[in-house]
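J.: Dropping a structure here in C-alpha cells format, bear with me for questions.
The values are calculated or read from the model by the stated rules, or taken from the named source; none is laboratory data. None of these values were measured; they are calculated from a predicted model. Positions of Cβ are backbone-derived with ideal geometry, glycine not excepted, and every protein chain shown enters the neighbour counts. When the accessible area is computed, the model is the full protein with side chains, heavy atoms only, and any ligands, DNA or RNA have been set aside. Shrake-Rupley method; radii C 1.70, N 1.55, O 1.52, S 1.80 Å.
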Amino acid sequence: MTILLVNPPGVRGNGRSFIGEQLLGDPQLYASMPMEHLGLMSIKAYAKTQGIDITTVNGLVAGHRSVEETWRAMQRAVRVSGAPRLIGLSCIDTFPEVLWLAQRARETWEGVHIALGNAIATLNYERILRQHDCFDFVIVGDGELAFTKLALAVANNAAVDHVPGLARRDDQGHIVCSPATLVDLDELPRPARDELPTVLADGFAASVFSTRGCPYRCTFCGTGAMSAMFGRNSYRAKSVDAVVDEIEYLKSDFNINFLSITDDLFVSKHPSSQQRAADFASTMLRRGIDINFMVDIRLDSVVDLDLYKHLHRAGLRRVFIGLETGSYDQLRAYRKQILNRGQDPADVINALQRLGIEVIPGTIMFHPTVQPDELRETARLLRATKFTSTYKFMGRITPYPGTPLYQAYSAAGYLTSEWPLGQWDFVDPEAARVYADVVARIAPEVGMNFDTAEEYFLSRLDDWDKVIAGRTAAMAG
C-alpha cells in the first residue's frame, strides 16, 4: 500500500521556484533559511515506528518550476508500489496548488483518500470540507499521531472515528471533528532526514525544532491562532538534552556548520523560557558542539544581554526578530506589545549587533491604513538592522483566513477577495499609488543597491505627504 505525503512547490508568478529565486540572490541572505519540511519528516519518522512506510514528494525542496512537475513526481513515486490509498497534502499559502494536486489525484486513482494539513487547513477545516469535495479529511493540529492513525485505519478498511484531530464528513454529510491530541514532543522520534542532503547541496541550512506553538496571539499569525484553538498547553517544548542530542547527531552525520532552530519563538520574556535558553547554551558548551546557529525571538525576548552573550558563546550568530512596524500604535493593533511607548527598537537591535549577533528583521511595510510616518519609522529600523535586501520595501501584510486580522479586515470591509488568502485594498488611494510605484521601481531590478531603493522609497513618502497637505489645505479652504 502506498501512502504519500506531498508538499507543493510554491511557484512564483514568474515561473521560478522559490529555491531558484533564492539561488539568484546573495547566498548570505538565504544560507540560514531552513528548507526541510520538518512537519512532513516528523510524520514520516513517527509513522515508521508504527509500521507504516510513507513516501514523500516535496516540490519545494526539489525545486519544481510548476505544480505539474510535482504531479509527475507523485506519479513516479507510486509506480513501484502501486496506486496510493492515502495522500496527505501540506498547505500554508499554497492552497491553489494543493487543490489542483488533489483534483488530479482524485481523477487518476480510484478510491484514494486525500487529507490536508498544516495551519491554513487547521484554521479553516469546515470551509475546506464544505467547499472542496476532493478532500476527504483535514488533519487539525499535530499531524504525527493523527495521520499515522488515519493511515492504519485506511490500510485496514477500519472506521476513522477514533483518529484524533480528524475533521471529516459524516454519513449525513455533516462536518465533524474528533478532539485533537497534543503530542509530547519528547516522545516523537527525530524527523527523517531524507531532504537534508539536497537542502545542504543547495546552500540552505539544516534545521531542528525545539518547541511547537506560540504563547502569544498576534492578530496576523496562523501559529498563534492555532495555539488559541488548543488552549494554554498548546505551546510545548522539547527537553534541552533531546534538542542538543539531535544537533550533535546532525553535526556528526552530516558535518553541518550552521543550524536554524525553526521555532516560531525560541525564547520569550518569561523567566522559565529565559532559563531554558540559558540551559541550552550551557549544554552546547559543556558538550563542546562547535556549530553556529540561528533562532527566532521577539524584541521583548531580550530581557538580559548576559543571556545573549552566553548564547553567542554557544554559537548564536543570527536572530530573526519580528519587528513588524515602527509604529507603537500599529503594534498594539496587531496585539504585538513588544515595547513600551517611547522605546526605540533600534537600541535592542544595536545591542545584539555589538555582541556579534546579526539581526534579520521581520517587517510589515504596507497595510490598508498605513501612513507615511509609519513607513519612515519601519524603514529606519531596516537601516538599523543593516539587512540590505530591497524586497523589504515591498512587504505587504497577508490576512490569513482564520486569523483575527483576517476577521478584522473582513468586518472593516478591506477585503477584495476572501479565499484562499485575504486580498485587500488601501483606504487611501495615494497609498495604493505609492505601493505600486515602489514595486514597479524596485521589483524588476534584482541587484538594486539598498541605498538606491531606500532613497526612492523615502522620496515617494515625501510626495505622499505633499498630497496629504494639499488635501488638508483644500478642506480648510
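J.: With part of a helix (DSSP H, G or I), modelled with pLDDT of 95 or more and among the hydrophobic types (A, V, I, L, M, F, W, C) as the only criterion, which of 121, 115 stands out? It would help to see each step written out before you state the result.
T.: Working: 115 fails: part of a helix (DSSP H, G or I).
Only one candidate qualifies: 121.
J.: Next up: Check 211, 223 and return the single one that is touching an Asp or Glu at 6+ places or on another chain (Cβ under 6 Å), open to solvent by 20 Å² or more (accessible area, probe 1.4 Å), touching a residue at least 12 places away in the same chain (Cβ under 8 Å) and closer than 26 Å to residue 300 by Cα. Show your work before the answer.
T.: On the way: 211 fails: open to solvent by 20 Å² or more (accessible area, probe 1.4 Å).
Testing whether each residue is touching an Asp or Glu at 6+ places or on another chain (Cβ under 6 Å), open to solvent by 20 Å² or more (accessible area, probe 1.4 Å), touching a residue at least 12 places away in the same chain (Cβ under 8 Å) and closer than 26 Å to residue 300 by Cα leaves just 223.
J.: Just the residues that are closer than 18 Å to residue 412 by Cβ and either of a type outside the set (A, V, I, L, M) or open to solvent by 30 Å² or more (accessible area, probe 1.4 Å) (or both), please, taken from the range 328-368. Spell out the reasoning first.
T.: Of the range 328-368, the ones closer than 18 Å to residue 412 by Cβ are 329-330, 332-335, 364, 366-368.
Across the range 328-368, the qualifying residues are 329, 330, 332, 333, 334, 335, 366, 367, 368.
J.: Do we find that residue 53 is assigned by the TED database to the domain that holds residue 10, in contact (Cβ under 8 Å) with a residue 24 or more places away in the chain and within 18 Å of the chain's Cα centre (by Cα) in this structure?
T.: On the way: assigned by the TED database to the domain that holds residue 10: yes; in contact (Cβ under 8 Å) with a residue 24 or more places away in the chain: yes; within 18 Å of the chain's Cα centre (by Cα): no.
Taking the combined requirement at face value, the residue does not satisfy it.
J.: Regarding residue 87, is this residue farther than 23 Å from residue 189 by Cβ, open to solvent by less than 20 Å² (accessible area, probe 1.4 Å) and under 26 Å from the mean Cα position of the chain (by Cα)? Before the answer, list the steps.
T.: Working: farther than 23 Å from residue 189 by Cβ: no; open to solvent by less than 20 Å² (accessible area, probe 1.4 Å): yes; under 26 Å from the mean Cα position of the chain (by Cα): yes.
Here the answer is no, as residue 87 does not meet what is asked.
J.: Test of understanding: among 370, 438, 427, which residue is β-branched (Val, Ile, Thr), part of a loop (DSSP other than H, G, I, E, B) and either in the same structural domain as residue 226 (by the TED database) or within 30 Å of residue 352 (Cβ to Cβ) (or both)? I'd like the intermediate steps shown before the answer.
T.: Details: 438 fails: part of a loop (DSSP other than H, G, I, E, B); 427 fails: either in the same structural domain as residue 226 (by the TED database) or within 30 Å of residue 352 (Cβ to Cβ) (or both).
Matching residue, one of 370, 438, 427: 370.
So that you can scan it fast, the table gives a plain yes or no per residue for (1) part of a loop (DSSP other than H, G, I, E, B); (2) more than 28 Å from residue 353 (Cα to Cα); (3) in contact with a helix residue (DSSP H, G or I) (Cβ under 7 Å, 6 or more places away or on another chain):
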| position | (1), (2), (3) |
| --- | --- |
| 244 | no, no, yes |
| 256 | yes, no, yes |
| 273 | no, no, no |
| 277 | no, no, yes |
| 286 | no, no, no |
| 295 | no, no, no |
| 308 | no, no, yes |
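J.: Looking at (1) touching a helix residue (DSSP H, G or I) at 6+ places or on another chain (Cβ under 7 Å); (2) outside any helix (DSSP H, G or I), can you tell me which one residue 133 breaks?
T.: (1) is the only condition that residue 133 fails.
J.: Continuing with this model, one more query. What is the residue count in the range 423-449 for residues that are open to solvent by less than 70 Å² (accessible area, probe 1.4 Å) and at pLDDT below 95?
T.: Total meeting the criteria: 2.
J.: How many residues are part of a helix (DSSP H, G or I) and within 18 Å of the chain's Cα centre (by Cα) when one looks only at the range 379-424? So that I can check it myself, show each step before the final result.
T.: Going residue by residue through the range 379-424, those that are part of a helix (DSSP H, G or I) are 379-385, 390-394, 404-412.
Subset that is within 18 Å of the chain's Cα centre (by Cα): 391-392, 404-406.
Count: 5.
J.: Right, next: Which is open to solvent by 30 Å² or more (accessible area, probe 1.4 Å) and more than 30 Å from residue 275 (Cβ to Cβ), of 399, 420? Lay out the reasoning, then the answer.
T.: Working: 399 fails: open to solvent by 30 Å² or more (accessible area, probe 1.4 Å).
None of the others qualify; the one that does is 420.
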